[in-house]
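A short write-up of the structure that comes next.
The values are calculated or read from the model by the stated rules, or taken from the named source; none is laboratory data. Source: prediction; values computed, not measured. Every residue, glycine as well, gets a Cβ built from its backbone with ideal geometry; the counts of neighbours run over all protein chains shown. All accessible areas refer to the heavy atoms of the entire protein, side chains included, with ligands and DNA or RNA removed. Shrake-Rupley method; radii C 1.70, N 1.55, O 1.52, S 1.80 Å.
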Amino acid sequence: MPKSSLKSEFDDFFIRINEYTDLLLKIFEAKEVIIPPEKKREILAEILLSEKKHIHEAFVLKIYVAWEVLVENLLVECLSRDPSKYAEHKTIKLPKRLTKDVCRGLISGLGYFDFKDTGDLKGKAKRVLVTKYDPFAKIPSDAAKKIDEFYVIRNYLAHYSASSKQSLIRMYKNKYNLPFHEPCDFFFESDKHNGQIRFANYTNAFIKATDEMAIFLGIS
């Protein structure tokens with residue numbers, strides 16, 4: 001099957017995620033802050049750490065948007081290659097091949113394609129994609145769990161609503177036995193299993209999930 005357009009979707013995602021993580025790594029490892037001479041020459045370590053935390057927190061939305069773009073584009077690409085499962089699910093007749101524009105319309109309908117977690121994403125994909133072109137089924141469960149946690153954090157940072165805060169409080173309690181604290185502090189705490197900051201666990205989960213999907217689709 002033609003792989004160039006599929007490959008470009010993975011390439012675009014990896015370009016973005018690598019750009020983000022490289023920048024964040026530089027920020028994390030920064031030891032000095034250059035300030036104008038007229039200002040104080042030294043900055044307190046806790047102020048520098050606070051700035052690092054908030055920059056990482058700001059990238060939550062960018063990283064999740066990159067994931068959402070990849071997911072929707074992959075659905076479009078894979079559906080265009082074989083829409084028979086979609087036709088069966090909707091009990092309609094469709095040509096054997098569809099254009100990407102038509103597929104995007106079928107997926108989005110009159111609104112924005114949305115999914116509440118990876119389980120919901122896998123379920124929706126399974127209903128409309130044939131097994132041969134369903135890469136979402138290959139998202140590993142451990143990566144899916146981290147992506148779902150990241151989604152809870154993303155919702156809180158995007159809305160700061162009472163309901164999104166309650167969801168985050170439940171996640172902290174159920175997954176980490178922790179009281180509520182802001183994501184910027186949570187991200188910079190060390191993971192007890194691998195010693196790296198928690199933020200890295202989340203970016204690694206996105207990369208692992210995407211790698212497995214790319215391998216399944218034969219994208220090197």
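Remarks
- For the chain, the longest site-free run once GluC sites (Glu not before Pro) in DSSP loop states with at most 14 other Cβ atoms within 10 Å are removed: 43-188
- Here's the list of aspartates and glutamates a cross-link from Lys132 could span, going by alpha-carbon distance under 13 Å and ignoring same-chain residues fewer than 8 apart: Glu77, Asp82.
- Residue order by solvent-accessible surface for Lys138, Lys192 is Lys192, Lys138, largest first, with ligands and nucleic acids left out and a 1.4 Å probe.
- Chymotrypsin sites (Phe, Trp or Tyr not before Pro) restricted to DSSP loop in the stretch 52-137 with at most 13 other C-beta within 10 Å: Tyr112
- Note on Tyr20 and Asp191: their simple-model spin labels are 1.6 nm apart, each label 7 Å out from Cα toward Cβ.
- For the stretch 158-199, the Stokes-Einstein estimate of translational diffusion at 10 °C and a viscosity of 1.306 mPa s comes to 144 µm²/s, using the Kirkwood hydrodynamic radius over alpha-carbon pairs.
- A full extension of the chain between Ile207 and Val65 corresponds to an added length of 49.7 nm, given 0.36 nm per residue minus the alpha carbon distance.
- Too-long pairs where the Cα-Cα distance tops 18 Å, listed order kept, from Lys62/Lys146; Lys7/Lys146; Lys126/Lys175: Lys7/Lys146; Lys126/Lys175
- Carbon/sulfur fraction of accessible area - the chain, other protein chains in place, 1.4 Å, %: 55
- Whole-number accessible area per residue in Å² for the stretch 78-163, which is evaluated in the context of all protein chains at 1.4 Å: 56
- Residues Arg81, Arg104, Arg170 ordered from highest to lowest accessible area at a 1.4 Å probe: Arg170, Arg104, Arg81.
- Working from label points 7 Å from Cα in the Cα-to-Cβ sense, the Ile215 to Lys90 distance is 3.3 nm.
- A Förster radius of 35 Å, combined with the Cβ-Cβ distance separating Asp101 from Lys126, puts the computed FRET efficiency at roughly 0.90.
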